[in-house]
1. In debye to the nearest 20, how big a dipole does chain A give about its Cα centre with +1 on each Lys and Arg Cβ and -1 on each Asp and Glu Cβ?
2. Classify the protein assembly as shown as rounded, prolate or oblate, taking a ≥ b ≥ c as the square roots of the eigenvalues of its Cα gyration tensor: rounded when a/c is under 1.5, otherwise prolate if a/b is larger than b/c and oblate if not.
3. Given A:60/B:60; A:59/A:107; B:32/B:60; A:20/B:20; A:107/B:59; A:78/B:97, which pairs have Cα atoms separated by over 23 Å?
4. Which of rounded, prolate or oblate describes region B:10-72 when judged by the alpha-carbon gyration tensor and an a/c cut-off of 1.5?
5. Amide H of residue A:69 versus every other amide H placed in the peptide plane: which residues, excluding those fewer than 5 positions away on the same chain, fall under 5 Å?
6. Among A:113, B:10, what's the order by accessible area (1.4 angstrom probe), most exposed first?
7. Could you give each residue of region A:184-192 its phi-based ³J(HN,Hα) in whole Hz, using Karplus coefficients 6.51, -1.76, 1.60 with θ = phi - 60°, and x for Gly or Pro?
8. In Å², rounded to the nearest 100, what is the total accessible surface buried by chains B and A against each other with a 1.4 Å probe?
Protein chains: 2
Amino acid sequence: MTDRMESGSLVDFVVDRIEKAILLGDYPAGMKLSEQSLATELGVSRSPLREAFRRLEGKKLVVRRHNAGARVAEHSAKELREVLEIREALESYAARKAAENMSEEEKAALLRLVEQQREYERLGTTVDRNQSPEQDFHLFVIRGSKNDRLSDMLYGDLYYALRVLRYRSSAHAGRSRLAIEEHAVVATAIATGQPEVAEQAMRVHLRRSHENMLNAERTRN
Amino acid sequence: MTDRMESGSLVDFVVDRIEKAILLGDYPAGMKLSEQSLATELGVSRSPLREAFRRLEGKKLVVRRHNAGARVAEHSAKELREVLEIREALESYAARKAAENMSEEEKAALLRLVEQQREYERLGTTVDRNQSPEQDFHLFVIRGSKNDRLSDMLYGDLYYALRVLRYRSSAHAGRSRLAIEEHAVVATAIATGQPEVAEQAMRVHLRRSHENMLNAERTRN
DNA sequence: CCGCCCCTTATTGCATACAAAAATAGAGTT
DNA sequence: AACTCTATTTTTGTATGCAATAAGGGGCGG
């Protein structure tokens, strides 16, 4: 179907492919992933496919049982809560570090970003969920921590975990404006070099956001 | 040599084996891991070995380059700093959660654990590094957070990262007694149900401990 | 009609085989 | 002696093959 990315290995191709399929919901939670059928479907042999499974296992996107094959991982409400707690801990810490480590240029850019968000909100501009200003803000703060491993964790594993848990970033009406003002508080604390305040503000923001997500999850089920 | 664990798969066996070898320093950082020679050495074929590499890659114990094989991961001082920061964020958060979620029995057990540590310290008992009371304390607090995913992260990935970075837990003379008193503060805060205090106390403890480790690393090089 | 056991089939786990890429070594030239 | 280009060899990446384990289905008995 799609050409397997030229430079990379087949394993990379397969991982990417299955990852997307799971996140998009094409492979629903609990679905059996047969090696043979998936291999023929993707046009590869079972060898790279099995190696891909191992990596996806590490990302907790698939679960394997000995002699019983691989399945798309299922996630309980408990797991969602746990992942959100971890995000709260890591990302509020990232805000602290951002306040310590961001350059003056970055601080200015962060303030501009928040201002831009306010603008969008005022104009009622709708942007697509995947590259929303909400995402931009959080990504920017995380990068500002200058901790690459932390960034990897937040935008690697946890990002996927939240996506697979059907995370919808601040999709709730009325939450948007409030969220932006919470961002403003965080940004100001970072820009004025107050790590402690920045951490607290981010934690408040995340806790509210996460509470919303958990409520949404509860009412949906 | 050693019999491959009966119940598990060969991949599990190989992962376990290589993991240990790396952590023990038998496979030094940067060492080339040839598939053929390792396979014959471990008495398996290349298939399970390659799958094992993928998992070890996820644990950041080995690095692979396309068409250039696998090597034991090398870790810079920067990475050590980053990992310790992450640990600070997660484990102080764990202390907060432990204060919220531990049962009365667990709280009592935690206080007893600290008391026991004090006893050992007073008697000058030397215990082996791998199952030290220091480890016990941290493990107990982490488990007390009642967040399995958090426990997995701290005692999965980060644990290995620190081990491979030649972490020696509070091996410094004089640090031991101080560390125990810091533990006592954390334990008291948890036992009396003060999440905020517990988090702060754990953060202080970890920051001091990590500073020691970073200094040790600096002077060693 | 339902449950259980055995047999067939399908699938997984591991080993081997083959092709392509990279490392290595050597001869020739400067 | 160093440098480079090439030929050989080694190593990685992928495909296929085989054995063992688990899933599925049909017949038998209750």
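The values are calculated or read from the model by the stated rules, or taken from the named source; none is laboratory data. From a predicted model like this one, the values you see are computed outputs, not experimental measurements. Virtual Cβ from ideal backbone geometry, glycine too; neighbours counted across all protein chains shown. Please note that ligands, DNA and RNA were not included when accessible areas were found on the heavy atoms of the full protein model with its side chains. Shrake-Rupley method; radii C 1.70, N 1.55, O 1.52, S 1.80 Å.
1. Roughly 820 debye, rounded to the nearest 20.
2. Values: a/c = 1.62, a/b = 1.03, b/c = 1.58.
Since a/c reaches 1.5 but b/c is at least a/b, the shape of the protein assembly as shown is classed as oblate.
3. Numbers: A:60/B:60 15 Å; A:59/A:107 32 Å; B:32/B:60 15 Å; A:20/B:20 34 Å; A:107/B:59 33 Å; A:78/B:97 15 Å.
Violating the 23 Å limit, Cα to Cα: A:59/A:107; A:20/B:20; A:107/B:59.
4. Taking the square roots of the gyration eigenvalues as a ≥ b ≥ c, region B:10-72 is rounded.
5. none
6. B:10, A:113
7. 4, 4, 4, 4, 4, 4, 5, 5, 8
8. Values: alone 12610 and 12640 Å², together 21930 Å².
Buried area between the two chains comes out at roughly 3300 Å².
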